[in-house]
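Trainee: Submitted below is the structure of interest, expressed as structure tokens.
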Amino acid sequence: MKHFIDLTDLKSEEVQDLVSLAVKLKAELRSGGNRPILKGKTLAMVFQKPSLRTRTSFEVGMVQLGGYALSLSPAEVKMGERESPADVARVLSGYADGIMARVIAHDTVLELAEYGSIPVINGLSDFNHPVQTMADLLTIHENFGRLEGINLTYVGDGNNVARSLMFGAMHTGMNFTIASPAGYQLTEDDFDAADRLKFGSATIQTMLDPDRAVAEADVVYTDVWTSMGQEEEREKRLQVFPPYQINDTLLDKAKSETIAMHCLPAHRGEEISAAVADGNRAVIFQQAENRMHAQKAILARLMSDN
Ligand code: CP
Ligand code: NVA
């Protein structure tokens with residue numbers, strides 16, 4: 001693994017190894033601290049969009065592994081405006097040992113990887129959000145003790161988070177079901193790409209009906225209806241998506257032990273009700289914490305000499 005940009009670039013064994021390493025690093029941290037396997041290493045983080053979890057979890061994670069991370073805001077780099085992604089990558093390659101980038105267009109993170117000489121990690125693009133998926137896999141593993149055979153249902157917009165989640169589910173042998181409104185579904189190309197990743201008994205189903213989608217679910221997952229950069233579509237989306245809200249009425253159609261997931265930030269009253277987000281079936285803050293543990297595994301595999 002040279003970069004961490006898209007889960008379709010990884011083998012299932014690599015994805016599963018990252019989950020196992022995240023479990024180990026989390027336990028090691030809790031039993032006194034991590035070994036400084038990234039001592040002397042620097043991660044340069046470049047943002048074209050806002051972030052709470054991505055910025056903080058990577059920065060704290062680097063420090064816990066003995067390294068250092070610096071954060072470059074959209075206004076200071078103006079990547080693509082003041083300077084091309086290719087030149088940003090070539091410059092940062094002279095200072096740092098890795099780049100983590102949150103970009104608007106997926107091509108930008110690909111350009112960073114093409115022109116830099118250090119590993120590049122995708123911290124969200126318009127196409128996908130693979131570091132979020134790794135935290136989600138860790139969270140599901142912690143809740144069920146396994147991933148293979150778990151029924152994971154995503155309800156809502158067929159967006160960047162949904163796409164990566166489907167790829168991660170295929171790599172780990174889960175049964176992935178997605179319910180999205182017409183016009184907001186993942187594409188045939190996405191489903192074809194996911195088919196090629198299937199490990200073990202993994203399956204995929206796509207449908208319009210959220211009630212049917214959650215019936216057998218162990219996990220019900222959602223994300224915002226309007227992603228960053230789509231703000232002008234917000235009013236239109238608010239007309240379309242209400243039947244896809246994760247609320248108690250929908251979860252009552254699933255199993256009694258079904259858990260609710262959300263990558264955050266959440267809009268209570270839109271894609272998730274306040275009662276579910278703040279209730280005992282939600283594992284959303286466990287997911288948020290797991291961003292750090294899962295990403296430390298990625299950093300270790302890409303940047304550690306040990
Ligand atoms: N889930 C997630 O990526 O959060 P941030 O946008 O706050 O980084
Ligand atoms: N789909 C959301 C995820 C935010 C973490 C967005 O792209 O804005």
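Trainee: Work from the charge dipole of the range 116-250 (Cβ charges, +1 for Lys and Arg, -1 for Asp and Glu, about the Cα centre) and give the residue of Ile204, Thr139, Thr153 farthest towards its positive end.
Mentor: Farthest towards the positive pole: Thr139.
Trainee: Which residue, Ile118, Ile246, Ile37, tops the fluctuation ranking in a GNM of the chain built on C-alpha contacts under 10 Å?
Mentor: Result for the chain, Cα springs under 10 Å: Ile37 fluctuates most.
Trainee: Next question, about the same structure. Mind giving me the FRET efficiency for Lys24 and Glu257? R0 is 25 Å, r the Cβ-Cβ distance, nearest 0.05 is fine.
Mentor: On the way: r = 27 Å, r/R0 = 1.07.
Between Lys24 and Glu257 the formula returns 0.40.
Trainee: Report the net charge of residues surrounding Glu188, where surrounding means a beta-carbon distance below 15 angstrom and charges are Lys +1, Arg +1, Asp -1, Glu -1.
Mentor: Around Glu188, the surrounding residues sum to -2.
Trainee: Another one. How about the range 63-158: which GluC sites (Glu not before Pro) there are in a DSSP loop, with at most 15 other Cβ atoms within 10 Å of their Cβ?
Mentor: Values: sites: Glu76, Glu81, Glu83, Glu111, Glu114, Glu142, Glu148; in loops: Glu81, Glu148.
Those that pass, being in a loop and sparsely packed, are Glu81, Glu148.
Trainee: So for the chain, taking the charge dipole from beta-carbon charges (+1 Lys/Arg, -1 Asp/Glu), which of Asn122, Gly80, Gly33 sits furthest toward the positive end?
Mentor: Sorting the options by dipole projection puts first Gly33.
Trainee: A further question on this structure: Mind checking which lysines have their C-alpha under 29 Å from Lys296, skipping anything on the same chain fewer than 8 residues away?
Mentor: Lys2, Lys11, Lys24, Lys26, Lys39, Lys41, Lys49, Lys78, Lys198
Trainee: If you take the Cα atoms of the range 167-208, find Rg, then find the Kirkwood Rh from the mean of 1/r over all pairs, what is Rg/Rh? Before the final figure, lay out the partial values.
Mentor: On the way: Rg = 10.2 Å, Rh = 10.4 Å.
In the range 167-208, Rg relative to Rh is 0.98.
Trainee: Taking the Cβ of Leu124 as the centre, find all other residues whose Cβ is under 9 Å away and add up their charges (Lys, Arg: +1; Asp, Glu: -1).
Mentor: Values: positive: Lys49, Arg102; negative: Asp126.
Charge balance near Leu124 sits at +1.
Trainee: Can you pull the accessible area of Tyr184 for me, 1.4 Å probe, Å² to the nearest 10?
Mentor: About 30 Å², rounded to the nearest 10.
Trainee: Could you state the accessible area per residue of the range 57-137 in Å², with a 1.4 Å probe and every protein chain left in place?
Mentor: Details: 3120 Å² over 81 residues.
Here the residues of the range 57-137 average 39 Å² of exposed surface.
Trainee: Moving on to the next point. Could you please report the charge total around Leu264, scoring K, R as +1 and D, E as -1 over all other residues with beta-carbon less than 12 angstrom from its beta-carbon?
Mentor: Numbers: positive: Arg53, Arg268, Arg291; negative: Asp136, Asp223, Glu271, Glu289.
For residues surrounding Leu264, the net value is -1.
Trainee: Now, a different point. Quick check for you: with a 1.4 Å probe and neighbouring chains kept, what is the accessible area per residue of the range 187-232, in Å²?
Mentor: Numbers: 2370 Å² over 46 residues.
Accessible area per residue, the range 187-232: 51 Å².
Trainee: Further question: From Cα coordinates alone, what are the radius of gyration and Dmax values for the chain in angstrom?
Mentor: 18.7, 55
Trainee: Among Ala27, Ala217, Ala162, which one shows the biggest mean-square fluctuation in a GNM of the chain, springs joining Cα atoms closer than 10 Å?
Mentor: For the chain, modelled as a Gaussian network with Cα springs under 10 Å, the answer is Ala27.
Trainee: Compute the accessible area per residue over the range 244-306, keeping the other protein chains in place, probe 1.4 Å, unit Å².
Mentor: Details: 2500 Å² over 63 residues.
Per-residue accessible area for the range 244-306 comes out at 40 Å².
Trainee: Suppose R0 equals 41 Å. What FRET efficiency, 1/(1 + (r/R0)^6) with r the Cβ-Cβ distance, do Leu70 and Thr203 give to the nearest 0.05?
Mentor: On the way: r = 43 Å, r/R0 = 1.04.
Using R0 = 41 Å, I get an efficiency of 0.45.
Trainee: Continuing with this model, one more query. Only Lys, Arg, Asp and Glu count, each charged at its Cβ (+1, +1, -1, -1), so figure out the dipole size of the chain about its Cα centre, rounded to 20 debye.
Mentor: On the way: 30 positive and 42 negative charges, 224 e Å.
Using Cβ point charges on Lys, Arg, Asp and Glu, the chain gives about 1080 debye.
Trainee: When the dipole is taken about the Cα centre of the range 1-116, and only Lys, Arg (+1) and Asp, Glu (-1) are charged at their Cβ, what size is it in debye, to the nearest 20?
Mentor: Values: 15 positive and 15 negative charges, 123 e Å.
Taking the Cα centre of the range 1-116 as origin, the dipole is about 580 debye.
Trainee: Additional query: In µm²/s, what is D for the range 1-124 at 4 °C and 1.567 mPa s, where D = kT/(6 pi eta Rh) by Stokes-Einstein and Rh is the Kirkwood radius from Cα pairs?
Mentor: Numbers: Rh = 15.2 Å.
The Stokes-Einstein estimate is 85 µm²/s.
Trainee: Once you have a ≥ b ≥ c as the square roots of the Cα gyration tensor eigenvalues for the range 182-306, tell me rounded if a/c is under 1.5, and otherwise prolate or oblate according to whether a/b is larger than b/c.
Mentor: Numbers: a/c = 1.40, a/b = 1.31, b/c = 1.07.
It comes out rounded by the Cα gyration axes.
Trainee: I've got another one for you. Using a 1.4 Å probe over the heavy atoms of the protein chains, calculate the carbon and sulfur portion of the accessible area of the range 161-245 as a whole percent. List each step's numbers first, then the result.
Mentor: Values: 1730 of 3590 Å².
The computed percentage sits at 48.
The values are calculated or read from the model by the stated rules, or taken from the named source; none is laboratory data. These figures come from a predicted structure and were not determined experimentally. Using ideal geometry, Cβ is built from the backbone for each residue, glycine included, and neighbour counts are taken over all protein chains shown. Side chains are part of the model used for accessible areas, which takes the heavy atoms of the whole protein and leaves out ligands, DNA and RNA. Shrake-Rupley method; radii C 1.70, N 1.55, O 1.52, S 1.80 Å.
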